[in-house]
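Here the structure comes first, spelled out in structure tokens, and everything after it is commentary.
Read-outs throughout are calculated quantities, based only on the coordinates presented, and are distinct from any laboratory measurement. Just so you know, these numbers come straight off a predicted model, no measurement behind them. So basically every Cβ, Gly included, is an ideal-geometry build from the backbone, and we count neighbours across all protein chains shown.
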Amino acid sequence: MAGTLTKTAKGTTAVSHAVRIERVSKSFGGPAGQQLVLDDISLDVAPGEFVTLLGASGCGKSTLLNLVAGLDRPTAGSIDTPGGRPALMFQEHALFPWLTAGKNIELALRLRGVPKPERREEAERLLGLVRLGGAYGKRVHELSGGMRQRVALARALAQDSELLLMDEPFAALDAITRDVLHDELTRIWRETNVSVLFVTHNVREAVRLAQRVALLSSRPGRVAHEWTVGVPQPRRIEDAAVAELSVEITEELRREIRRHGRH
């Protein structure tokens, strides 16, 4: 029986979760038959919670994120997002190069139904939120990699979703820029109280950002372990407590890779 994906409209009733993933499996067909990518995954993200999904390459992290985003459907199980459709931010900024930074954000606002007279003001506000005030009229080619990702984040926030899905958005950036954007994302998450489900293969990044880390096993992906990160924010990636937990998680990740024969 095919899985279900529930998108419930926003309401005034308090909910216990921003997303509930219940016993979700996903298979893809090919010449060799069905390939099981995700197997019986259950995971909740609470309202306002920041959760990272961690695992080796090919374990199904991005596949799970696409299912939560509604870009695909689970083979079995169900996904419930009571706040409506989530916003999705990719590894690549995916900005339209013929539009300015501000117009890229306005496009998301237009699709959301924001009246034209209000779009510029809101785009300017969102650019200010990501510390890009004054960049409204800049073209994509005029922006650095870090600035492009800030615009992409502002565009995702323009969707006014209660759940933000992030698929390795800082993987292509240099270490210093990535560290700066970690700070900015943490600040924005705390200011907006948006729920975040963040995919990464970087253990230090996972611990640096999240309140909770979920480790997926190698394919088929299953939730193998979870950790609550008790280190108070703001954190630094070089903090001793971050490093200590990162070592523990890395060892578990290595065990999972060895268990499934992946190198």
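Pick out which of Leu111, Leu36, Leu163 has the largest mean-square fluctuation in a Gaussian network model of the chain, springs linking Cα atoms closer than 10 Å. Greatest mean-square fluctuation among the candidates belongs to Leu111. As a proxy for reagent exposure, ranking Val229, Val151 by other Cβ atoms within 10 Å from fewest up yields Val229, Val151. Pairs of Cα atoms nearer than 8 Å and 6+ residues apart set the relative contact order; for the chain it is 25 percent. Put in order of Cβ neighbour count within 10 Å, fewest first, the listed residues Met89, Met147 become Met147, Met89. Remark: the Gln159-His225 segment gains 20.6 nm on full extension, using 0.36 nm per residue and subtracting the alpha carbon distance. Enumerate the residues in segment 132-167 having an amide nitrogen under 20 Å from the point lying 7 Å beyond the Cα of Val180 toward its Cβ. Hits in segment 132-167 for Val180 at 20 Å: 132-156. Largest GNM mean-square fluctuation among Leu126, Leu99, Leu216, using the chain with Cα springs under 10 Å: Leu99. Over segment 96-160, the Kirkwood radius and the radius of gyration, each from Cα atoms, give a ratio Rg/Rh of 0.92.
Among Leu143, Leu165, the ranking by other beta carbons within 10 Å of each residue's beta carbon, starting with the fewest, stands as Leu143, Leu165. Our estimate of slack between Ser57 and Arg258, defined as 0.36 nm per intervening residue step minus the Cα-Cα distance, is 71.0 nm.
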